[in-house]
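Notes for the one structure printed next.
The values are calculated or read from the model by the stated rules, or taken from the named source; none is laboratory data. Please read all numbers here as calculations on a predicted model, not as lab measurements. Cβ placement follows ideal geometry from the backbone for every residue including glycine, while neighbour counts extend to all protein chains displayed. Only protein heavy atoms, including side chains, enter the accessible area calculation; ligands, DNA and RNA are left aside. Shrake-Rupley method; radii C 1.70, N 1.55, O 1.52, S 1.80 Å.
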Amino acid sequence: MIFTNGTQEVTEKLMNTFGTLFRISLFGESHGPAIGVVIDGCPPGISVNPEDFIPDLTRRKSGASGTTARHEPDMPEIISGVCRGFTTGSPVTIMTVNKDKISTDYDDFRKIPRPGHADFTASVKYSGFSDLRGSGHFSGRITWGLVAAGVLAKKITGNIPVSARLISAGGSTDIGSAIEKAIEEHDTIGGIIECVVKNIPAGLGEPFFNSFESVLSHLIFSIPAIKGIEFGSGFAAATMKGSVHNDPFSDDKGKTVTNNAGGLNGGITNGNDVIFRVAVKPTSSTGVEQTTFNFETKKLDMLKVKGRHDTCIALRMPVIVEAAAAITLADLLLVDRGIFGVKR
């Protein structure tokens, strides 16, 4: 929507909304009353109960070594869009209440923003009114809504399984040892998540600007701490010859002998497994003392972050990445085949 304000043309942006037909809108802050998601465009007649969300939401929760000591119940409450156990076709709203909050841990970050975090940029963009408690709307906690939306998206995609796993942490495939070392050093580490989408039909993706990679990457980069994505052979393709990188066909269904393309050609799925990997940076809230700028005193100062933070946020990322892939699939399936699965 475009409207005029005096001589300035202003474009309305849906900053917290994603999708064309299957549209999700995230709301809430880490230490606010609640967080959640509104899902518009969800087809009617899909069986949904609060219990359906528990397995994926549990995978996202903390509790394992290397994750935050903050423990939230994360129980989903369906507010709208579901009646007698089925989606109605109207917007589905799902929320959970925030209960385990220690907001005083974040008091110093207004005068000494955490290096690597959004404290400074959020303060500039929102004129100092951004909620810094628990990192506010920039917290990884907001991905609760993504995972909840992903559960519904997986119901729409049906027999297209999406699975993601952490394949390395801190540059090592010995994930347990890497996390133990980081804990001992009071530091944080990142990791790499690999996601595979199987049994995906050929033809999904809307080039030029809504190619499969474009839409998925847009959503993936909305996940806090994501710094990179690659499909198939990814950046290694730059070192390969075309005769090696090309994926020869093996049948008339489009199956290929190799899969360097990661299941995508021309921004469209080719019927082979879609394979991609994402890079997750180390959590900015490290326990190592750092020299940085104090915006109140206008001098360099020492910052040692207090509070409860993940040593390796990548541990909790696989289910979030799965949700992003499922949401992308659901949206592109609806765009390609219509709300009832009939090709237009």
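Note on the range 139-165: among residues that are modelled with pLDDT of 95 or more and of a type in the set (K, R), the one that is surrounded by the fewest Cβ atoms within 10 Å (Cβ to Cβ) is R165. Scanning the range 292-304 for residues that are more than 21 Å from V124 (Cα to Cα) and modelled with pLDDT of 95 or more yields a single hit, M302. Any residue that is part of a loop (DSSP other than H, G, I, E, B), touching a residue at least 60 places away in the same chain (Cβ under 8 Å), open to solvent by 30 Å² or more (accessible area, probe 1.4 Å) and among the aromatic types (F, W, Y) - is there at least one of those in the range 280-294? Looking for residues that are part of a loop (DSSP other than H, G, I, E, B), touching a residue at least 60 places away in the same chain (Cβ under 8 Å), open to solvent by 30 Å² or more (accessible area, probe 1.4 Å) and among the aromatic types (F, W, Y), one finds none in the range 280-294, hence no. When restricted to residues that are within 18 Å of D310 (Cβ to Cβ) and among the β-branched types (V, I, T), the range 65-112 contains 3. Only one entry of I54, I78 meets the criterion of being farther than 19 Å from F22 by Cβ and at pLDDT 90 or above, and that entry is I54. Quick one: would you say S135 is among the polar types (S, T, N, Q), under 23 Å from G287 (Cβ atoms), surrounded by 18 or more Cβ atoms within 10 Å (Cβ to Cβ) and modelled with pLDDT of 95 or more? For S135, the condition - among the polar types (S, T, N, Q), under 23 Å from G287 (Cβ atoms), surrounded by 18 or more Cβ atoms within 10 Å (Cβ to Cβ) and modelled with pLDDT of 95 or more - is not met.
Among the residues making up the range 13-30, those that are open to solvent by 10 Å² or more (accessible area, probe 1.4 Å) and not in a strand (DSSP E or B) are K13, L14, M15, N16, G19, T20, L21, E29.
Conditions (1) at pLDDT 95 or above; (2) exposed (fewer than 13 other Cβ atoms within 10 Å of the Cβ); (3) aromatic (F, W, Y), marked per residue:
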{"position": "I200", "(1), (2), (3)": "yes, no, no"}
{"position": "L204", "(1), (2), (3)": "yes, no, no"}
{"position": "F209", "(1), (2), (3)": "yes, yes, yes"}
{"position": "V215", "(1), (2), (3)": "yes, no, no"}
{"position": "H218", "(1), (2), (3)": "yes, no, no"}
{"position": "S222", "(1), (2), (3)": "yes, no, no"}
{"position": "I229", "(1), (2), (3)": "yes, no, no"}
{"position": "S233", "(1), (2), (3)": "yes, no, no"}
{"position": "K241", "(1), (2), (3)": "yes, yes, no"}
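Among residues that are of a type outside the set (D, E), over 27 Å from S177 (Cβ atoms) and not in a loop (DSSP other than H, G, I, E, B), L315 is not included.
Note on the range 78-115: residues that are touching a helix residue (DSSP H, G or I) at 6+ places or on another chain (Cβ under 7 Å) and either assigned to a strand (DSSP E or B) or open to solvent by less than 30 Å² (accessible area, probe 1.4 Å) (or both) amount to 7. So, in the range 259-270, of the ones that are open to solvent by 10 Å² or more (accessible area, probe 1.4 Å) and assigned to a loop (DSSP other than H, G, I, E, B), which residue ends up nearest to G171 (Cα to Cα)? My answer is N260.
Any residue in the range 53-71 that's acidic (D, E): show its pairings with residues that are buried (at least 19 other Cβ atoms within 10 Å of the Cβ) at Cβ separation under 7 Å, as long as the two are six or more apart or on different chains. Short answer, once both residue conditions are applied: D56/V147; D56/G150; D56/V151; D56/V319.
Scanning the range 63-75 for residues that are surrounded by 18 or more Cβ atoms within 10 Å (Cβ to Cβ) and touching a helix residue (DSSP H, G or I) at 6+ places or on another chain (Cβ under 7 Å) returns G66, T67, D74. Within the range 317-337, one or more residues are more than 26 Å from K101 (Cβ to Cβ), of a type in the set (G, A, S) and in contact with a Cys (Cβ under 6 Å, 6 or more places away or on another chain). Residues in the range 126-150 that are in a helix (DSSP H, G or I) and at positive phi: G134, S135, G136. Taken over the range 97-117, the residue count meeting the criterion of being out of contact with any Leu (no Cβ under 8 Å at 6 or more places or on another chain) and either modelled with pLDDT of 95 or more or farther than 14 Å from E29 by Cα (or both) is 8. Restricted to the range 31-62, and to residues there that are open to solvent by 50 Å² or more (accessible area, probe 1.4 Å) and among the charged types (D, E, K, R), the residue that is nearest to G205 (Cα to Cα) is D40. Restricting attention to the range 167-186, does a residue exist that is open to solvent by less than 50 Å² (accessible area, probe 1.4 Å), within 20 Å of I327 (Cβ to Cβ) and modelled with pLDDT of 95 or more? There is no residue in the range 167-186 that is open to solvent by less than 50 Å² (accessible area, probe 1.4 Å), within 20 Å of I327 (Cβ to Cβ) and modelled with pLDDT of 95 or more.
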